[in-house]
Amino acid sequence: MNVVIFGLGQQSTPIWYMLTYDSPYRVVGFTVDEAYRTTNIFRGLPLVSFEGVEEYFPPHAHRMFVPLGWKRMNGLRAEKFTQGKAKGYSFISYISSRALIWSSLQIGENCIIQDGVIVEPFARIGHNCNLRSGCMIADHAIISDHCFIGAWAVVAGGAVIGERCVLGLNSTVCDGIKVASGCFIGMGAVVTTDTEKNGVYVGVPARRCA
């Protein structure tokens with residue numbers, strides 16, 4: 001299956017490498033907003049304007065991947081995912097061969113599961129989520145759409161992470177806890193109680209600071 005990648009940033013180059021050497025997909029090109037396109041070639045492949053990408057890479061013959069980070073609380077990645085869907089694209093998800101998952105995993109489109117990630121049975125992952133290396137999603141946990149789970153973060157059994165959340169490096173969400181949408185959980189924080197929407201939580205135990 002031919003794939004076009006959105007973006008030229010820090011996330012895009014490793015994903016190009018992973019898809020090339022650790023997936024059944026064939027990367028055939030890149031796309032960015034015209035305002036950021038300063039060349040026609042990237043990694044030896046065509047680089048085209050996102051505004052007209054469907055003319056160069058027709059949706060019926062190509063899938064798309066948007067491997068952006070958590071900029072604007074995942075808002076930029078969500079925006080490009082939505083725009084790509086409006087253009088008629090289906091999106092792939094990448095699961096590293098070095099991740100530990102089960103065949104029954106429910107996972108949405110445009111997700112990244114990197115090396116060393118563990119996802120236990122009965123966990124669910126929504127659309128457009130980025131799970132960084134070494135994080136752990138326990139049984140019956142739910143990761144909602146447009147989330148970013150940092151390296152070595154732990155989401156314990158039955159916990160629910162709302163839409164557009166960011167969990168920092170080595171953070172922990174304890175069993176059964178509900179993290180409301182739009183929350184930022186700081187590096188190393190341990191969340192022991194339910195959170196409120198759009199909050200910033202830091203510390204052990206985590207407390208809202210913004």
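A short reminder: the numbers here are calculations on the coordinates, not readings from a lab. As the structure is a prediction and not an experimental result, all values here were calculated from the model. Using ideal geometry, Cβ is built from the backbone for each residue, glycine included, and neighbour counts are taken over all protein chains shown.
Its Cα centre serving as origin, region 94-200 has a Cβ charge dipole (Lys and Arg +1, Asp and Glu -1) of approximately 160 debye.
For region 131-179, the relative contact order is 36 percent, taking Cα pairs closer than 8 Å that sit 6 or more residues apart in sequence and dividing their mean separation by the residue count.
Note: region 46-137, Cα convex hull, 117 Å³ per residue. Between 0 and 90 degrees, the angle of helix 75-86 with respect to the longest Cα principal axis of the chain falls at about 50 degrees.
DSSP beta bridges in the chain, what fraction antiparallel, as a percent rounded to 5? If you can, show how the numbers build up before the last one.
Details: 4 of 45 bridges.
So the antiparallel bridges in the chain amount to around 10 percent.
Please work out the Cα center distance from region 46-113 to region 1-37, rounded to the nearest Å. Each part reduced to its Cα centre gives a spacing of 10 Å. Its relative contact order, with pairs defined as Cα atoms under 8 Å and 6+ residues apart, puts region 94-200 at 16 percent. With the simple spin-label model, which puts each label point 7 Å out from Cα in the Cβ direction, the R72 to R124 separation comes to 2.8 nm.
Taking the charge dipole of the chain about its Cα centre, with +1 at Lys and Arg Cβ atoms and -1 at Asp and Glu Cβ atoms, the residue from L169, C209, F184 reaching farthest to the positive side is C209.
Relative to the Cα centre, the charge distribution of the chain, modelled as +1 at Lys and Arg Cβ and -1 at Asp and Glu Cβ, gives a dipole magnitude of about 260 debye. Charge dipole (Cα centre; +1 on Lys/Arg Cβ, -1 on Asp/Glu Cβ; no other charges) of region 2-86 amounts to roughly 260 debye.
Pairs of alpha-carbon atoms within less than 8 angstrom and 6+ residues apart define the contacts here; what relative contact order does the chain have, in percent? Let's see the in-between values first.
Working: 590 pairs, mean separation 23.0, N = 210.
In percent, rounded to a whole number, it is 11.
Extension gain, L169 to Q106: 0.36 nm times the residue separation minus the Cα-Cα distance gives 20.3 nm.
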